[in-house]
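Every read-out reported here was derived from the displayed coordinates using simple, explicitly stated rules and does not represent laboratory data. Note that the coordinates shown come from a computational prediction; the quantities given were computed from them, not determined experimentally. So basically every Cβ, Gly included, is an ideal-geometry build from the backbone, and we count neighbours across all protein chains shown.
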Amino acid sequence: VHQQFITVVREGRGNRLKVTADTFSGLFWNGEEAVRLGLADKLGNLDYVAREVVKAEEVIDYTPHENVAEKLAKRFGAALGEGAMRAMAVSTRLR
């Protein structure tokens, strides 16, 4: 499987690939390093790829967002925990 991966990367990247001793070692690189090594063409995000590469006319973001009830529950839980910590601190000082 690893050799198949190497073959596909070499064929796909062609002359853009700058092979080093670490290229196929299993290590990974940040975006800038990947571009420098020829493993990527340029930096971009999901929206860029969808609009410029795939030419999608509309991009739908399916990222889950907290609703008001969830936000309030988190704040309430944090406040409750903070109160409990204060109570324990006072209790410890009273001993």
Take the stretch 43-61 and flag every residue that is assigned to a helix (DSSP H, G or I) and basic (K, R).
R51
Can you pull out the residues in the stretch 31-43 that are free of Cβ contacts under 8 Å to residues at least 12 places away in the same chain and over 23 Å from Q3 (Cα atoms)?
E32, K42
Quick one: K55 ticks every box in (1) among the charged types (D, E, K, R); (2) loosely packed, with under 10 Cβ neighbours inside 10 Å; (3) touching a residue at least 12 places away in the same chain (Cβ under 8 Å) bar one, so which box is it?
(3)
Selection from the stretch 58-79 of residues that are surrounded by 10 or more Cβ atoms within 10 Å (Cβ to Cβ) and hydrophobic (A, V, I, L, M, F, W, C)
V59, L72, A73, F76, A78, A79
Just a yes or no: is a residue in the stretch 22-42 in a loop (DSSP other than H, G, I, E, B), out of contact with any Gly (no Cβ under 6 Å at 6 or more places or on another chain) and of a type in the set (S, T, Y)?
yes
Subset of the stretch 15-35 (residues that are loosely packed, with under 10 Cβ neighbours inside 10 Å and within 25 Å of N45 (Cβ to Cβ))
L27, F28, N30
